[in-house]
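Here's the structure, in structure tokens; my notes come after.
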Amino acid sequence: MRTQRGFTLMELLVVLVLIGIVAGLATLSIGDGAERKLRSETERLAATLSLARDELLITGQSDRALGLRRDGYSFLELVVLDDNTREWQPLVDRQLGPRQFEPGLIEVELELDGERTPLPQTRGWEPHIRLGNTGEMTPALIILRVPGKDLVRHMRVELEGHVEVLDVIPQN
């Protein structure tokens, strides 16, 4: 009597199915790094904008603004320099920025009143979205995109201070 060596067809099929499942899960978890970065930066900006709004509501401090550039964003506060001069200056804060994106990875665009507003690339900060201490904000649509790819995320800011992240372009 001779003993057989090797694997049965059923054992080989089970192993191949398990390898396929593990490879599929690994592919899904890795995904596209640019898409993941875009999603996390959009969520971060929305959360930071809501945080800045809530902070103003609680403290009742003077108005602030969100300044946007094509390569990042910063929260600004109106500083009184003398009796006649006031100037928007960036806040230096761990959570409120300024925040600059990796070059070439994410670009920011802005729509105010349905029209695209040109943003500077690297100059100083200008106020684009005002945050009042009553909770109101300048209505806007902030668009974050990955240059050269069809990866786009939208963030709608409403007058009453509601901030919503959208995957598709909102239809008016």
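Compute the long axis of helix 33-59 from its Cα atoms, compare it with the longest principal axis of the Cα atoms of the chain, and write down the angle in degrees, 0 to 90, nearest 10. The angle comes out at about 40 degrees. 3J(HN,Hα) along region 136-143: 7, 9, 5, x, 7, 10, 9, 10 Hz, from the Karplus curve 6.51 cos²θ - 1.76 cosθ + 1.60 with θ = phi - 60°, whole Hz, x for Gly and Pro. Where only DSSP H runs of four or more residues are counted, the chain gives -10000 deg cm²/dmol as its mean residue ellipticity at 222 nm, each run worth -39500 (n - 2.57). Peptides 145-153, 104-112 ordered by packing proxy, namely the average of other Cβ atoms within 10 Å per residue, highest first: 104-112, 145-153.
In order along region 16-25, the phi-based Karplus estimate (6.51 cos²θ - 1.76 cosθ + 1.60, θ = phi - 60°) of 3J(HN,Hα) comes to 5, 5, 4, 5, x, 5, 5, 5, x, 5 Hz; Gly and Pro are listed as x.
Over the chain, all Cα pairs binned in 10 Å intervals from 0 give whole-percent P(r) values of 9, 31, 26, 12, 7, 6, 5, 3, 1, 0, 0, listed from short to long.
Values quoted throughout were computed directly from the atomic coordinates according to the rules given, and no laboratory measurement underlies them. Not measured: the values here are computed from a predicted model. Glycine gets a Cβ as well: all are built from the backbone with ideal geometry, and neighbour counts include every protein chain shown.
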